[in-house]
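Here is the structure we will look at, set down as structure tokens.
The values are calculated or read from the model by the stated rules, or taken from the named source; none is laboratory data. Just so you know, these numbers come straight off a predicted model, no measurement behind them. Ideal geometry is used to build each Cβ from the backbone, glycine not excepted, and the neighbour counts take in all protein chains shown.
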Amino acid sequence: MFRRLSTSFSLYIISKPKSPFALQRNPIKSEKQYQRFDHSLSLTPTPLVFSSNIRMNHTQAAPVNKIELLRSLEASLGHAFDSNPVCPPPNPLIIVISGPSGVGKDTVIKKLRESRDSLHFVVTATSRPMRPGEVNGKDYFFVSKEEFLQMVDKNELLEYALVYGDYKGIPKTQIREYMAKGYDIVLRVDIQGARTLRRILGDSAVFVFLAAESEMALVERLVERKTENREELLVRIATAREEVQHVKNFDYVVVNAEGKLDSAVKLVESVIDAEKAKVRQRSAVI
Ligand SMILES: Nc1ncnc2c1ncn2[C@@H]1O[C@H](COP(=O)(O)OP(=O)(O)OP(=O)(O)O)[C@@H](O)[C@H]1O
């Protein structure tokens, strides 16, 4: 009994005549519905039987199915709805990942490789000898010094440098080939390389600086890696001190803290996602 009365009362409120509120809340009500409101002009509560008729009529007036409704909307608007994407697909992105030696560039990139298959990780050419366990074409393209210098002469490298006595460079053809296939490109370079790439690519690429949480954490990581002797460690630590000053030339800084590798990788992924969602896209031409 209580429910029946309250239903009737709420219908009475909604159908109260000349209520600007009622008109605003129902701006696209059909004429037929307004007629129904007019039908109940009296200020006395709407009889229960009548209110249930209103609901029945409302249900019957609804189109039979979604397809019919779509067709009727198209007919009313005078054109068919377009299923093409509203926005063009994002441009292929070039992501430059850099940071001091030992900060975890290779480690972060290895994880990214596992989580994203829309990325192409450019294989750098190097004149340094292959280390045990390394694979030619996967870790690096291993070439002789002469072959490397020929690539330089033929302008085949986007950027190259002499790093700790060995040449390292980025082959252009690889980037072009994968960008044409729609891949985003990841370049892993040292700070010097990032500086050169910024000069060449400007804002057409996104630059990510990978940092450790502290100098102490970075040194501990280098020591634990056990790939450098004492003198080499001293050079890398001194260089790292200087390199931190260059963070201002990057677009993003990602802290790769001890034991927080996954967070760092997620942050790099977020940077990529945000860049892909940008209204004004970067547009790199190699
Ligand atoms: N978040 C982390 N927590 C703990 N250890 C890490 C983390 N990230 C990387 N490492 C370790 O730190 C060491 C250095 O990492 P990595 O070799 O990836 O650095 P890099 O920046 O590529 O160095 P380089 O420029 O000298 O090649 C490795 O032993 C790696 O396992």
LEU267 is checked against (1) free of Cβ contacts under 8 Å to residues at least 24 places away in the same chain; (2) loosely packed, with under 14 Cβ neighbours inside 10 Å and fails just one. What number does that condition carry? (2)
Meets criteria (assigned by TED's automatic domain parsing to the domain that holds GLN174 and either touching a residue at least 60 places away in the same chain (Cβ under 8 Å) or surrounded by 16 or more Cβ atoms within 10 Å (Cβ to Cβ) (or both)) for ALA257: no
I'd like to check something: does segment 132-151 contain any residue that is crowded, with 19+ Cβ neighbours inside 10 Å, away from the ligand (no atom under 12 Å from the Cβ), over 18 Å from LEU187 (Cβ atoms) and not hydrophobic (A, V, I, L, M, F, W, C)? no
Residue hits (segment 204-222; more than 20 Å from the chain's Cα centre (by Cα) and part of a loop (DSSP other than H, G, I, E, B)) are ALA212, GLU213, SER214
Just a yes or no: is a residue in segment 250-260 assigned to a helix (DSSP H, G or I) and within 13 Å of the ligand (Cβ to nearest atom)? no
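Matching residues to (1) within 15 Å of the ligand (Cβ to nearest atom); (2) assigned to a strand (DSSP E or B); (3) surrounded by fewer than 18 Cβ atoms within 10 Å (Cβ to Cβ); (4) not charged (D, E, K, R):
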| position | (1), (2), (3), (4) |
| --- | --- |
| GLN192 | yes, no, yes, yes |
| ARG198 | no, no, no, no |
| GLY202 | no, no, yes, yes |
| GLU224 | yes, no, yes, no |
| VAL235 | yes, no, yes, yes |
| GLU242 | yes, no, yes, no |
Conditions (1) at pLDDT 55 or above; (2) basic (Lys, Arg); (3) more than 16 Å from the ligand (Cβ to nearest atom) -> LYS110 fails only (3)
